[in-house]
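The values are calculated or read from the model by the stated rules, or taken from the named source; none is laboratory data. Since the model is a prediction, treat every value here as computed from it, not as a measurement. Positions of Cβ are backbone-derived with ideal geometry, glycine not excepted, and every protein chain shown enters the neighbour counts. Ligands, DNA and RNA are stripped out before the accessible areas are found, and what is left, the full protein with its side chains, is counted by its heavy atoms. Shrake-Rupley method; radii C 1.70, N 1.55, O 1.52, S 1.80 Å.
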Amino acid sequence: MIPTRLHEGFARFRAERFERKQRLWQSLAKGQSPETLVIGCADSRVDPAAIFDAGPGELFIIRNVANLVPPYEPDSAHHGVSAALEYAVKVLKVKNIVVLGHRQCGGVHAAATGAAEDTQFVRKWLDPLIPVHAEACRELGADAPVDDLCDDMELRSIRRSRERLMSFPFIAEAVQEGWLALHGARFGIADGELEWLNPDGQFEPVAPALTPLADRA
């Protein structure tokens, strides 16, 4: 039996949002053409669609522990994230890929503290954070407060994931051809702020208010 909370939510969705946008849903049944792929964290507090106020069909979203881009590994294993990347780029032809991290990331904290050592799958998945942790320790000192290390690691991990995207040949080719752009960002759960990764590798706060069209140069 469907859990009560999910049943209630579905009832509201059908009665309110679905009915208001039924034509949109009917058009989406024919196919999707999102312009942006977001690689976000599986954390229940960080919903890319909510953060970017995106409607149905606007974002193609991959969510995993610590919003990681895995290494390019062309073997016979099952690669869910890599498969989704390939589909988004080669089939959907998305124009942007955004690695969206967030503050207070549990996966980053686990990598910094060794909390995932007893897990079967999480520990291996977090392997890309091992060099990130080492870099943060060298920069801040191995005895730095865990919160400071995690804050630094979150940003470094986003940079590293964006770099790893270029190890996928089909992504590198699309970027070189000029029709795909790679981005990085971090969302603040407590304050709602968004930091954007600039081409120089630094993060800059995004202004929450758009400049009115008439005032734009």
Quantify, in whole percent, the carbon and sulfur part of the accessible surface of the chain (1.4 Å probe; protein heavy atoms only).
53 percent
Could you give the longest part of the chain that holds none of the GluC sites (Glu not before Pro) found in DSSP loops with at most 12 neighbouring Cβ atoms within 10 Å?
118-217
With all protein chains in place and a 1.4 Å probe, residue 87 shows an accessible area in Å² (nearest 10) of 100 Å²
List the lysines whose Cα lies under 24 Å from the Cα of residue 95, skipping any in the same chain that are fewer than 8 positions away.
30
Leaving ligands, DNA and RNA out of it, rank 119, 4 by accessible area with a 1.4 Å probe, largest first.
4, 119
Dipole in debye (nearest 20) - the range 1-156, about Cα centre, beta carbon charges: Lys, Arg +1; Asp, Glu -1
1160 debye
Once you charge only the Cβ atoms, +1 for Lys and Arg and -1 for Asp and Glu, what is the size of the charge dipole of the range 109-160 about its Cα centre, to the nearest 20 debye?
320 debye
Considering only DSSP beta bridges with both partners in the chain, what is the antiparallel share in %, to the nearest 5?
25 percent
I'd like to check one number: the per residue accessible area of the range 40-199, probe 1.4 Å, reported in Å² as a whole number.
51 Å²
With a 1.4 Å probe and all protein chains kept in place, how do 1, 153, 166 rank by accessible area, largest first?
1, 166, 153
Counting each DSSP H run of 4 or more residues in the chain as -39500 (n - 2.57), what helix-only mean residue ellipticity at 222 nm follows after dividing by all residues, to the nearest 500 deg cm²/dmol?
-10500 deg cm²/dmol
Tell me, what does the Kirkwood hydrodynamic radius of the chain come to in angstroms if you use every pair of distinct C-alpha atoms?
19.2 Å
Note the full-extension length gain between residue 167 and residue 77 as 0.36 nm times their separation in residues minus their Cα-Cα distance, in nm to one decimal.
30.6 nm
With every protein chain in place, what's the accessible area of residue 179 (1.4 Å probe, Å², nearest 10)?
80 Å²
Per residue, how big is the convex hull around the C-alpha atoms of the range 36-124? Give it to me in cubic angstrom, could you?
112 Å³
Take residue 86 and residue 143, extend 7 Å from each Cα along the Cα→Cβ direction, and tell me the distance between the two endpoints in nm.
4.9 nm
